[in-house]
Amino acid sequence: MREKYIEQKLIKAVKATGGLALKFISPGFNGVPDRLILLPGGIIAFAEIKASGSKPRPLQERRHEMLRQLGFKVYVIGDESQIGGMLDEIRAT
């Protein structure tokens, strides 16, 4: 499955919950996740979108771990079927 397709499905699903899935770009700090997920109630998480079968690069993995150490949820989404479960988990925290 193509990354752009999965990303569009994620944006639509987050919007349906009343949230935002903002493109996350950090100049000078490479490897950050693709999307910043903002849900009602002040809930924040990050999502890295990958084409089916692809994995994050080593720098991306280090950035994900850094964000997790700060207490944020970071998800790697490689298939649209993962989106619902991710949103359920985020809302449950």
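The values are calculated or read from the model by the stated rules, or taken from the named source; none is laboratory data. Just so it is clear, the structure is predicted and the values come from calculations on it, not from any experiment. Glycine gets a Cβ as well: all are built from the backbone with ideal geometry, and neighbour counts include every protein chain shown.
For region 65-93, the set of residues classified as in contact with a helix residue (DSSP H, G or I) (Cβ under 8 Å, 6 or more places away or on another chain) and either buried (at least 16 other Cβ atoms within 10 Å of the Cβ) or closer than 10 Å to Ala47 by Cβ (or both) consists of Lys73, Val74, Tyr75, Val76, Ile77, Gly78, Glu80, Ile83, Leu87, listed by residue number. Is it true that some residue in region 51-59 is in a helix (DSSP H, G or I) and either touching a strand residue (DSSP E or B) at 6+ places or on another chain (Cβ under 6 Å) or at pLDDT below 95 (or both)? No, because not a single residue in region 51-59 is in a helix (DSSP H, G or I) and either touching a strand residue (DSSP E or B) at 6+ places or on another chain (Cβ under 6 Å) or at pLDDT below 95 (or both). Per this entry, Lys9 is not counted among residues that are of a type in the set (Lys, Arg), assigned to a loop (DSSP other than H, G, I, E, B) and under 14 Å from the mean Cα position of the chain (by Cα).
Could you check, for region 14-21, whether at least one of its residues is polar (S, T, N, Q), surrounded by 15 or more Cβ atoms within 10 Å (Cβ to Cβ) and within 16 Å of Glu3 (Cβ to Cβ)? No, there is no match, as no residue in region 14-21 is polar (S, T, N, Q), surrounded by 15 or more Cβ atoms within 10 Å (Cβ to Cβ) and within 16 Å of Glu3 (Cβ to Cβ). Mind checking which residues of region 44-57 are surrounded by fewer than 16 Cβ atoms within 10 Å (Cβ to Cβ) and either touching a helix residue (DSSP H, G or I) at 6+ places or on another chain (Cβ under 8 Å) or not hydrophobic (A, V, I, L, M, F, W, C) (or both)? Listed by number, the residues that qualify are Ala51, Ser52, Gly53, Ser54, Lys55, Arg57. State all residues of region 32-43 that are among the β-branched types (Val, Ile, Thr) and either part of a loop (DSSP other than H, G, I, E, B) or surrounded by 17 or more Cβ atoms within 10 Å (Cβ to Cβ) (or both); if no residue qualifies, say none. Those that are among the β-branched types (Val, Ile, Thr) and either part of a loop (DSSP other than H, G, I, E, B) or surrounded by 17 or more Cβ atoms within 10 Å (Cβ to Cβ) (or both): Val32, Ile37. Please specify each residue of region 70-93 satisfying the condition of being of a type in the set (Ser, Thr, Tyr) and outside any strand (DSSP E or B). The answer is Ser81, Thr93.
Only a single criterion out of (1) without any contact (Cβ under 8 Å) to a residue 60 or more places away in the chain; (2) surrounded by 13 or more Cβ atoms within 10 Å (Cβ to Cβ); (3) in a helix (DSSP H, G or I) is not satisfied by Arg62, namely (2).
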